[in-house]
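Chemist: The structure follows.
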Amino acid sequence: MDNRLDVSLYDVILCLSDTLDLISKTVVGHHEQVAYIASMLGEEMELSQDDKKNLTLAAFLHDVGAFYLNEGINNLRFDKEDDYHARVGYHLLMNSKPLSEIAPIVRYHHYDWSYGKGQTYNGEKVPLTAHVLHLADRIAVLIKSGADILNQRDKITRLIEMNSGNKFWPDAVEAFKRIQEKEYFWLNIISPKAIKGPLDAYNDIKRNYLGLEGLAELTKLFSQVIDFRSPFTATHSDGVAATATTLASSLGYSGNEILMMKIAGYLHDLGKLAVPVKILEKPGKLTREEYNIIKSHTYYTYQVLDNLKELAIIKQWASYHHERLDGNGYPFHLDSKDLPQGSRIMAVADVFTAITEDRPYRSGMGKEQAIKVLQSMASEGHLDQEIVELLLDNYTEFDQIRNHSQHSESKSYQEFREAVNGLN
């Protein structure tokens with residue numbers, strides 16, 4: 001297996017952008033609309049190729065910090081001044097090497113032009129692309145869903161013009177005034193298929209292919225978006241990834257397959273972004289209704305990853321971790337004949353991590369109790385007997401690896417919390 005995957009940075013970012021739609025129904029399609037508007041503004045303004053590339057990528061992820069708000073972004077308003085989620089997004093992206101370059105654009109995408117004063121903030125230069133993104137974001141927010149788009153054009157344009165200089169960079173406004181005259185610009189905004197055409201035109205982004213190591217680094221960001229929503233789940237994906245990769249290594253998987261397992265571990269709970277935090281943090285037994293919501297998360301993991309055909313194997317390993325060998329898992333009710341070994345590894349790693357990790361409301365199970373749970377699930381036909389026995393025969397080693405990985409990630413989480421809690 002080649003260490004270079006035929007998957008581009010652009011496609012992976014698009015996947016993460018789609019994932020953000022799970023946080024709140026309010027923002028479904030919002031990131032693609034903003035990316036389209038921003039890319040059109042960038043073309044009209046004749047920005048450099050690098051600026052256009054970074055502007056487009058930043059637009060796809062401009063609300064990535066919304067995951068840290070318990071209710072997501074449920075109130076998109078034109079006059080909204082709060083940029084807390086933008087600052088959270090900045091700290092998250094700065095810690096991801098592939099995306100650190102776009103972090104300042106995301107940081108300042110709610111920052112007003114203020115008649116030129118907005119070119120700097122506390123002595124630091126604000127990227128002009130952040131002001132282009134600011135305008136693109138506000139244009140998208142002004143569009144009313146369900147109303148005819150062309151009949152909204154004049155009102156939106158007037159409002160943008162009225163705020164040229166104070167809220168928006170005049171150069172960007174002038175570019176908008178030129179492109180808004182073309183009906184197709186507006187019609188594309190509300191046409192999902194049409195939006196993708198101009199965005200796909202950035203072949204230099206699409207040619208930026210990620211190897212397995214690069215993909216693992218980027219999907220680490222995905223895991224933090226998933227887990228950092230709550231202290232209850234802050235290190236879970238890291239523990240699962242560490243356990244799963246150790247199992248895979250013990251079973252003779254190749255180096256590249258082990259990297260794939262790590263990626264699957266980082267992504268296995270991707271769909272939990274669709275689950276309200278109050279359910280994730282409930283210390284007691286879930287109601288039937290709450291459990292049904294939880295059961296949807298692996299379906300969403302599957303659907304989001306299905307957009308990346310190159311990750312078909314990783315998709316199976318990640319999204320089948322609640323399937324059971326006897327067919328009584330969820331959401332697809334697959335059984336032993338349908339479940340590849342990689343998915344079985346992930347299922348064991350997930351259960352092991354879930355029962356042994358500490359959570360704010362309870363300590364993890366001790367060795368004796370955890371062994372009983374795993375043996376019971378294997379004997380009842382839920383988990384793979386061979387994989388469970390491998391883990392139990394080397395229990396101390398596996399528990400130390402899991403604990404070390406989660407302890408390290410816990411430090412990262414605490415540093416992240418301190419950074420965002422110190423925002424003013």
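The values are calculated or read from the model by the stated rules, or taken from the named source; none is laboratory data. Quick caveat: nothing in here was measured; it's all calculated off a predicted structure. As a convention, Cβ positions derive from the backbone with ideal geometry for all residues, glycine included, and neighbour counts pool all protein chains shown.
Chemist: Identify the residue in region 7-54 that is in a loop (DSSP other than H, G, I, E, B) and in contact (Cβ under 8 Å) with a residue 60 or more places away in the chain and, among all such residues, is surrounded by the fewest Cβ atoms within 10 Å (Cβ to Cβ).
Modeler: Step one: filter region 7-54 for residues in a loop (DSSP other than H, G, I, E, B), giving 21-24, 28-29, 45-48.
Retained after the next criterion (residues that are in contact (Cβ under 8 Å) with a residue 60 or more places away in the chain): 22-23, 29, 45, 47.
Numbers: Leu22: 24, Ile23: 22, Gly29: 16, Met45: 21, Leu47: 19.
Among them, the one singled out is Gly29.
Chemist: Hey, another quick one. Of everything in region 308-337, what is outside any loop (DSSP other than H, G, I, E, B) and not hydrophobic (A, V, I, L, M, F, W, C)? Give them in sequence order.
Modeler: Step one: of region 308-337, the residues outside any loop (DSSP other than H, G, I, E, B) are 309-319.
Passing the criteria: Lys309, Glu310, Lys315, Gln316, Ser319.
Chemist: Under the condition of being of a type in the set (S, T, N, Q) and exposed (fewer than 12 other Cβ atoms within 10 Å of the Cβ), which residue from region 401-424 is nearest to Thr233 (Cα to Cα)? Walk me through how you get there before you give the answer.
Modeler: Pass one, region 401-424, residues of a type in the set (S, T, N, Q): 403, 405-406, 408, 410, 412, 414, 421, 424.
With exposed (fewer than 12 other Cβ atoms within 10 Å of the Cβ) added as a condition, the list becomes 421, 424.
Numbers: Asn421: 18, Asn424: 26 Å.
Going through the qualifying residues, I end up with Asn421.
Chemist: Enumerate the pairs (first residue in region 262-286 and outside the structural domain of Leu20 (by TED's automatic domain parsing); second residue anywhere and surrounded by fewer than 15 Cβ atoms within 10 Å (Cβ to Cβ) and at pLDDT below 90) with beta-carbon separation below 7 Å, excluding pairs fewer than 6 apart on the same chain, so at least 6 apart or on different chains.
Modeler: Val277/Asn70; Pro283/Tyr361
Chemist: Here is a check on your reading of the model: is Leu135 within 16 Å of Leu55 (Cβ to Cβ) and touching a strand residue (DSSP E or B) at 6+ places or on another chain (Cβ under 6 Å)?
Modeler: Working: within 16 Å of Leu55 (Cβ to Cβ): yes; touching a strand residue (DSSP E or B) at 6+ places or on another chain (Cβ under 6 Å): yes.
Criteria met by Leu135.
Chemist: Moving to a separate point now. For region 350-366, how many residues are assigned to a helix (DSSP H, G or I), surrounded by 18 or more Cβ atoms within 10 Å (Cβ to Cβ) and touching a Gly at 6+ places or on another chain (Cβ under 8 Å)?
Modeler: The first filter runs over region 350-366 and keeps only residues assigned to a helix (DSSP H, G or I), leaving 350-356.
Narrowing the set further to residues that are surrounded by 18 or more Cβ atoms within 10 Å (Cβ to Cβ) leaves 350-353, 356.
Okay, now just the ones that are also touching a Gly at 6+ places or on another chain (Cβ under 8 Å), so 353, 356.
Going through region 350-366 one residue at a time, the tally reaches 2.
Chemist: Still on this model: Just one of (1) assigned to a loop (DSSP other than H, G, I, E, B); (2) closer than 18 Å to Phe222 by Cβ trips up Val304, so point out which.
Modeler: Of everything listed in (1) assigned to a loop (DSSP other than H, G, I, E, B); (2) closer than 18 Å to Phe222 by Cβ, Val304 misses just condition (1).
Chemist: Taking the condition of being modelled with pLDDT under 95 and not small (Gly, Ala, Ser), how many residues in region 122-142 meet it?
Modeler: Within region 122-142, the first condition is being modelled with pLDDT under 95, and the residues that meet it are 122-124, 141.
Still in the running and not small (Gly, Ala, Ser): 122, 124, 141.
Count: 3.
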